[in-house]
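**Student:** Quick one: structure below, then a few questions.
Where a number appears in this text, it was derived from the coordinates with a stated rule and is not lab data. What you see is a predicted model; the values in this text were computed from it and never measured. Here Cβ is always computed from backbone atoms with ideal geometry, including for glycine, and neighbour counts include all displayed protein chains.
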Amino acid sequence: MVVERDIVSNYERWFLTPAGMYTDDKEKELLINTIRFKRGERVLEIGCGTGRNLEYLSDLGLVSVGVEPVEELIKKARQKSTIKNDQLIRCSYEKLPLGDNSFDNVIFMNTFGFAGDKTAALREAFRVASKKVAIGFLNRNSLAKLFKVKERRAVYNDSAPLSGSELLKIVKEALAGREKNCEIKLQYTLYLPITIGYIFSLADDLLERLNLPLGDFGMLVITKK
């Protein structure tokens, strides 16, 4: 991932706009509704970036730790007063310096597409998680993909686009038969172009209940049995 300060700064500022806040809320809502965290659980975010989600997870009463391979993003995360040094680990997605089952849940939020070896990255996440692995992803088959805002496009320019069916293939390859002992669910949100979705939120909510594989943001959750 190539990081330019202006791109990251513009993206973080975009989250303060009505469209950005709406997008952030919907993505987090889907995460919460699919994972069903319990207070005090340990959560690892792979690809924590500047630490926005780490702050949110800590506010929920969770013990949050983030993995991030890009030093520039780690530095930005360290500048946030609510994030401690021991919450940040600089390493690749594919080789985590963590023990088996050392976290209750492991999540990717729009970052799985950056993994050079996605099969290896998922295998590592599955190894480290004792309960669930969640992959929040920008959907290749989104109805609104032609209307993505420039700040969002710029940040994810190096991220491989994904669809739910492609992710399921990666799961099958990474888990090599162990997926039969797991529950796997796919859910979607943000069906309308995010520049107007916050204005027509009721329509977005209705489409979300239909759970067609066409939302801009999807969440694949693997629950170990």
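**Student:** On a 26 Å Cα-Cα criterion, which of the cross-link pairs K28/K84; K118/K224; K131/K169; K75/K131; K80/K132; K84/K145 come out too long?
**Tutor:** K75/K131; K80/K132; K84/K145
**Student:** Suppose R0 equals 25 Å. What FRET efficiency, 1/(1 + (r/R0)^6) with r the Cβ-Cβ distance, do I7 and C91 give to the nearest 0.05?
**Tutor:** My answer for the efficiency is 0.65.
**Student:** For the chain, count the residues as N, evaluate 2.2 N^0.38 Å, and divide the Cα radius of gyration by that value, please.
**Tutor:** Relative to the rule-of-thumb radius for its length, the chain sits at 0.95.
**Student:** Moving on. Return the calculated 222 nm mean residue ellipticity for the chain, to the nearest 500 deg cm²/dmol, obtained by summing -39500 (n - 2.57) across DSSP H runs with n ≥ 4 and dividing by the residue count.
**Tutor:** My calculation for the chain gives -11000 deg cm²/dmol from helical runs alone.
**Student:** So what is the relative contact order for the chain, in percent, with contacts set as C-alpha pairs under 8 Å and at least six apart?
**Tutor:** 22
**Student:** Is segment 1-119 best put as rounded, prolate or oblate by its Cα gyration tensor, with a ≥ b ≥ c the root eigenvalues, rounded for a/c under 1.5, and otherwise prolate when a/b is larger than b/c, oblate when not?
**Tutor:** Note, shape of segment 1-119 comes out rounded.
**Student:** Arrange K225, K84, K76, K132 by Cβ neighbour counts within 10 Å, fewest through most, would you?
**Tutor:** Least to most surrounded, the residues fall as K225, K84, K76, K132.
**Student:** Let me ask something additional. Which whole-angstrom value gives the distance between the alpha carbon centres of segment 11-46 and segment 75-128?
**Tutor:** 16
**Student:** Among DSSP beta bridges whose residues both lie in the chain, state the antiparallel percentage, nearest 5.
**Tutor:** Here the antiparallel bridges make up roughly 45 percent for the chain.
**Student:** Please find the FRET efficiency linking A203 to R140, where r is the Cβ-Cβ separation and R0 is fixed at 30 Å, and quote it to the nearest 0.05.
**Tutor:** After rounding to 0.05, the efficiency reads 0.85.
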